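A short worksheet on the structure shown next.
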Amino acid sequence: DEPLAKIICVLSGEHPLFHVLGPDVLQATSEPYAWYMRIPDYRAFLRAITPVLEQRLAASPLANYSGELKIDFYRAGLKLVFSDGHLSEIAPWQRGEWEEAQVGCPPLVFTQLLLAHRTYDQIRVIVPDLWAEGAINAELLRVLFPAQRSSLLALV
């Protein structure tokens, strides 16, 4: 028998196997891709993932955070209220004449954050309309919505 010389996978070059086996052994046959997804109700989605958001917050330097995060989608928005590290309220919100948002984000860009396709910092490079006022609000976005690898195969 000949020793294994090469493995061909349908993976991107960012997959952890590339770090272990290296490009001399492992060859990628496809570039990373992303599905086009829509979330019709951000509030319902955020309520469904609240336990995960609270776990991420608890494992971060912002554990036990209390405060509001007002996200302006430019025609509508959301207000997230945190109490001692728990997401206690998810409410519709729209910037009033004298009211300011802590985050500005086009709605479809917010979907990318929620679905963990890219991090806040990665999206900011591409979309200047995504912003956070102050270091704590930016860090809150980083903690709540880190980039994650996804696989639809697990759903089949």
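Structural remarks
- Every residue from the range 86-141 that is of a type in the set (A, V, I, L, M), in contact (Cβ under 8 Å) with a residue 12 or more places away in the chain, under 15 Å from GLY67 (Cβ atoms) and in a helix (DSSP H, G or I): ILE136, ALA138, LEU140, LEU141
- Every listed requirement among (1) part of a helix (DSSP H, G or I); (2) open to solvent by less than 30 Å² (accessible area, probe 1.4 Å) is met by LEU78 save one, (1).
- Scanning the range 81-109 for residues that are closer than 18 Å to LEU144 by Cα, open to solvent by 40 Å² or more (accessible area, probe 1.4 Å) and touching a strand residue (DSSP E or B) at 6+ places or on another chain (Cβ under 6 Å) yields SER88, GLU89, GLN102.
- Residue within the range 106-117 that is at positive phi and within 12 Å of the chain's Cα centre (by Cα) present: yes
The values are calculated or read from the model by the stated rules, or taken from the named source; none is laboratory data. The shown structure was predicted, so the numbers you read here are calculated from the model rather than taken from an experiment. Backbone-built Cβ (ideal geometry, glycine too); neighbour counts: all protein chains shown. For accessibility, only protein heavy atoms count, side chains too; no ligands or nucleic acids. Shrake-Rupley method; radii C 1.70, N 1.55, O 1.52, S 1.80 Å.
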